[in-house]
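Notes follow once the structure below has been shown.
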Amino acid sequence: MGENPGEDQITINLIARFHLDETIRKIFHHWEYQFEPFGEDESGASFSKGKIDFAVFWDLEREKYLAYEAKRLNVTSKNGFASLATVYVTEGLIRFVTEQYSEGLPVGCMIGYVIDGNIASVHPKIEKAISDKSTLVGLISGPTDLPSIAKSTRFETDHKRKKGSSKINIRHALVSC
């Protein structure tokens, strides 16, 4: 995909590989790139709540999905190098806390595409960004390490949602690109 692939390019390639994996095809009924969950206004009219990078479904129920919000990390641009750890939190993780994504659902997923492959350098920056923005994202607990899958680094966090008192568990995966 080149030295500095875009988020959409990576996600499209990831989802294309889902079709090739027999296990994924057996577990999930469907997966959708740029999934748009619907909200409802006071008059009962439906509207799009935005586009989730991708979602997986176990059955035909549209409101029951596992959302994956993706962000690029450790990128190089004409302005230099940037970890983008804060963007991961303020433009990604926050969407679950505000229920723009996964409204009423108990879990959501963040996936960090580590462009330079240096997961070890960006992992503590992500954790620090979550800690620094703990009030914004309603952090209850974590980050707590989870077992790695393949070469990805995984951890989880729990958050109090902005509406009401429900909480959401976010599973994070940092993958080398």
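The values are calculated or read from the model by the stated rules, or taken from the named source; none is laboratory data. From a predicted model like this one, the values you see are computed outputs, not experimental measurements. Cβ placement follows ideal geometry from the backbone for every residue including glycine, while neighbour counts extend to all protein chains displayed. These accessible areas exclude ligands, DNA and RNA; they are computed on the full protein's heavy atoms, side chains included. Shrake-Rupley method; radii C 1.70, N 1.55, O 1.52, S 1.80 Å.
Bridge orientation summary for the chain: considering DSSP beta bridges with both residues in this region, about 65 percent are antiparallel. Leaving out ligands, DNA and RNA, and with a 1.4 Å probe, what % of the accessible surface on the chain is carbon or sulfur? Whole-percent figure for carbon plus sulfur exposure: 52.
The mean sequence separation of alpha-carbon pairs under 8 Å and at least six residues apart, normalised by the residue count of the stretch 4-65, gives a relative contact order of 30 percent.
Once you divide the Cα radius of gyration of the stretch 1-77 by 2.2 N^0.38 Å, the number left is 1.32.
Based on the mean of other Cβ atoms within 10 Å per residue, sort peptides 64-73, 44-53 so the most packed one is first. Don't skip to the end; give the middle numbers.
Values: 64-73: 20.9, 44-53: 13.5.
Ranking, from highest mean packing down: 64-73, 44-53.
Accessible surface area normalised per residue over the chain is 54 Å², counting heavy atoms of protein chains with a 1.4 Å rolling probe. Holding the Cα-Cα limit at 25 Å, pick out from 49/78; 133/162; 51/128; 71/167; 64/163; 51/71 the pairs that are longer than that. The pairs that break the limit, which is 25 Å between Cα atoms, are 49/78; 51/128.
Sort 123-129, 133-139 by the packing proxy (mean of other Cβ within 10 Å over each peptide's residues), most packed first. List each step's numbers first, then the result.
Details: 123-129: 18.3, 133-139: 16.1.
The most tightly packed comes first, giving 123-129, 133-139.
If you run the Gaussian network model on the chain, springs between alpha carbon atoms under 10 Å, then out of 74, 118, 13 the most flexible one is 13.
How much length is gained if the chain between residue 79 and residue 118 is pulled fully straight, taking 0.36 nm per residue apart and subtracting their Cα-Cα distance, in nm to one decimal? Gain in length upon complete extension: 12.1 nm. Quick one: net charge around residue 56, please, counting Lys, Arg +1 and Asp, Glu -1 for every other residue with C-beta under 14 Å from its C-beta. The answer is -1. Computed per residue of the chain from DSSP H runs no shorter than four, each worth -39500 (n - 2.57), the mean residue ellipticity at 222 nm is -6000 deg cm²/dmol.
All Cα-Cα separations within the chain were binned at 10 Å from zero, giving a P(r) of 9, 36, 37, 15, 2, each value a whole percent of the pairs.
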